[in-house]
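I have placed the structure first, in the form of structure tokens, so that the comments after it can refer back to it.
The values are calculated or read from the model by the stated rules, or taken from the named source; none is laboratory data. Keep in mind that this is a model prediction, so the values were computed, not measured. Glycine gets a Cβ as well: all are built from the backbone with ideal geometry, and neighbour counts include every protein chain shown. Side chains are part of the model used for accessible areas, which takes the heavy atoms of the whole protein and leaves out ligands, DNA and RNA. Shrake-Rupley method; radii C 1.70, N 1.55, O 1.52, S 1.80 Å.
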Amino acid sequence: MGQAFDICIRGAGVVGRTAALLLARAGLRVALVAPPVPSGQADVRAYALNAASRGLLESVRAWPDAQHATAVRRMQVWAEAGGAVEFDAVAERVPALAWVVDVPALEQRLQDAIGFQPLVERVAQPVPAPLAVVCEGRASRTRAEWGVEFDLTPYAQDAIATRLQCEHAHGAVARQWFAADGGILAFLPLDGEGGNSVAVVWSVAHGQSQHWLQADEAGLAAALREASRGALGALTVTAPRAAWPLVQARARRWCGAVAGVPGQSWVLAGDAAHAVHPLAGQGLNLGLADAAALAQVLGGREGWRALSDQRLLRRYERARKTEVATAMLAMDGLQQLFTRGDAALKPLRAHGMNAFDRLVPLKGWVSRHAMGVA
Ligand SMILES: Cc1cc2nc3c(=O)[nH]c(=O)nc-3n(C[C@H](O)[C@H](O)[C@H](O)COP(=O)(O)OP(=O)(O)OC[C@H]3O[C@@H](n4cnc5c(N)ncnc54)[C@H](O)[C@@H]3O)c2cc1C
């Protein structure tokens, strides 16, 4: 008897769910391993997603409404000693530089879309299939069980996420501040273009994160107001806080055969394959691009080629590894440049940022890459 499924996707995060919809659209029967009861508290984060991710999510009817996907018209970045860079959608001739997407709203849209896709079935446990797509996030158990090496470099920072109500409207601007002590604070606009609330990602040294997780709300709001140089006026904390240890990581192999099970192979996608610092908001954009590339490779395979064929799966690995390696290099370089306490670097950082701000072609190139439209 033939198998009931072509693909078993392990992990129903945003990458796993998107991959399920894309692979089903390519005519494949997909089992999506997801716990029956969604775990605990809603995610307080909001993701900055680029135009490529938006196009992909729209194509599977999972893009949230405008209230939950706020367009970013400008991005402003400041360092100490007067360094500043600004990106503008008008200058880049694009409708928006990115969209800040409310995570629970995105998850719900994906869930609804899956409900309308008869080729995707939710299962509680992994099922046999010619191909397992592992989307279990950076701490993937399956990746470890199957002996795939994951080179992980921890940063000396945690990212704290929460949300704020602000005195002043955000004006559809995403703002980021690099502080002298290595802290990186981002305010991402929420609740539509006229909104007054922001999603916060504050990367701070390990030693400080416990303090800010436990601080009273007024104390946290005052610290964030100071770190943001009062840009949005008085701030009120409106959501619980959560923290993530920051790492850079990548799997050495992205595909292989399941040992001892003939005819079954695996691939990795999303954070199970790579993790980057969130300072440029690229992690999920990379993961969604993995899902798109995988669907393209599998959907376009020669009719005689099995889904478990290693040559086929290596096409996917090759297509994604180089782009991910480039993004990791850029993210790590920025993180190192701005978090090293070296006093000699301060004026260099400010000068470099200001010079970069005036270099229109280079700025355009960087922003097109970040927007996923290069
Ligand atoms: C603070 C912060 C801010 C960020 N901001 C941005 C941003 O602005 N833009 C951006 O592009 N990226 C951002 N990222 C990165 C983004 O969060 C990740 O890249 C993205 O969540 C990866 O999605 P994923 O589906 O691969 O993994 P996850 O989101 O980790 O999902 C994995 C899923 O698999 C499930 N799972 C795990 N193990 C198993 C198992 N054994 N069996 C079955 N299921 C399992 C988990 O429950 C989960 O549902 C940010 C990250 C952080 C920490």
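Using a 1.4 angstrom probe on heavy atoms only, work out the carbon and sulfur share of the accessible area of region 31-146 in %. Please list the in-between numbers first.
On the way: 3100 of 5600 Å².
Here it works out to 55 percent.
List the relative contact order of region 58-176 as a percent without decimals, with contacts defined as Cα pairs under 8 Å and 6+ residues apart. Please list the in-between numbers first.
Numbers: 95 pairs, mean separation 40.8, N = 119.
For region 58-176, the relative contact order is 34 percent.
Report the antiparallel proportion of the DSSP beta bridges in the chain as a percent, rounded to a multiple of 5. Write out the running numbers ahead of the final one.
Numbers: 50 of 71 bridges.
Counting DSSP beta bridges with both partners in the chain, the antiparallel share is about 70 percent.
Determine, for each peptide in 118-124, 191-197, the mean count of other beta carbons within 10 angstrom over its residues, then list the peptides with the highest first.
Details: 118-124: 15.3, 191-197: 17.4.
In decreasing order of mean packing, 118-124, 191-197 become 191-197, 118-124.
Do you know the relative contact order of the chain, to the nearest whole percent, from alpha carbon pairs under 8 angstrom that are 6+ apart? Walk me through the numbers on the way to the answer.
On the way: 781 pairs, mean separation 84.2, N = 374.
Relative contact order of the chain: 23 percent.
With the other protein chains left in place, how much accessible area per residue, in square angstrom, belongs to region 114-241 at a 1.4 angstrom probe?
Numbers: 5740 Å² over 128 residues.
Here the per-residue accessible area is 45 Å².
Run the accessible area of region 204-316 with a 1.4 Å probe and give the carbon-and-sulfur part as a rounded percent.
On the way: 2520 of 4850 Å².
In region 204-316, the share of accessible area belonging to carbon and sulfur is 52 percent.
Could you pull out every whole DSSP H run in the chain that spans at least 27 Å of Cα extent along its own axis and averages -0.5 or higher on the Kyte-Doolittle scale?
Numbers: long enough: 310-339 (41 Å, -0.47).
Membrane-span-like by this rule: 310-339.
Per-residue accessible area for MET328 at 1.4 Å probe radius, Å² rounded to 10?
0 Å²
Viscosity 0.692 mPa s, temperature 37 °C: Stokes-Einstein D of region 57-112 from its Kirkwood Cα radius, in µm² per second? Mind showing how you got there, number by number?
On the way: Rh = 13.0 Å.
Answer, rounded: 252 µm²/s.
Under 10 Å, Cα contacts only: if you run a Gaussian network model on the chain, which one of LEU152, LEU23, LEU131 comes out with the highest mean-square fluctuation?
LEU152
Among HIS168, HIS211, HIS68, which one shows the biggest mean-square fluctuation in a GNM of the chain, springs joining Cα atoms closer than 10 Å?
Its mean-square fluctuation being the largest, the pick is HIS211.
Hey, got a sec? Which chymotrypsin sites (Phe, Trp or Tyr not before Pro) in region 76-171 land in a DSSP loop and have at most 10 other Cβ atoms within 10 Å? Don't skip to the answer; put the middle values down first.
Working: sites: TRP78, PHE87, TRP99, PHE116, TRP146, PHE150, TYR155; in loops: PHE116, TRP146.
Passing both the DSSP loop test and the Cβ count: PHE116.
Could you give the semi-axes, largest first, of the ellipsoid that matches region 106-236, computed as the square roots of 5 times the alpha carbon gyration tensor eigenvalues and rounded to whole Å?
On the way: eigenvalues 272, 105, 29 Å².
Calculated on Cα positions only, the semi-axes equal 37, 23, 12 Å.
Stick to the Cα atoms of the chain, pair each with every other, and give me the Kirkwood hydrodynamic radius in Å at one decimal. Please report the intermediate quantities before stating the final value.
Numbers: mean 1/r = 0.0464 Å⁻¹.
Taking every pair of different Cα atoms in the chain, averaging 1/r and inverting gives 21.5 Å.
Please work out the C-alpha center-to-center distance from region 56-75 to region 1-52 and express it in whole Å.
Here the answer is 19 Å between Cα centres.
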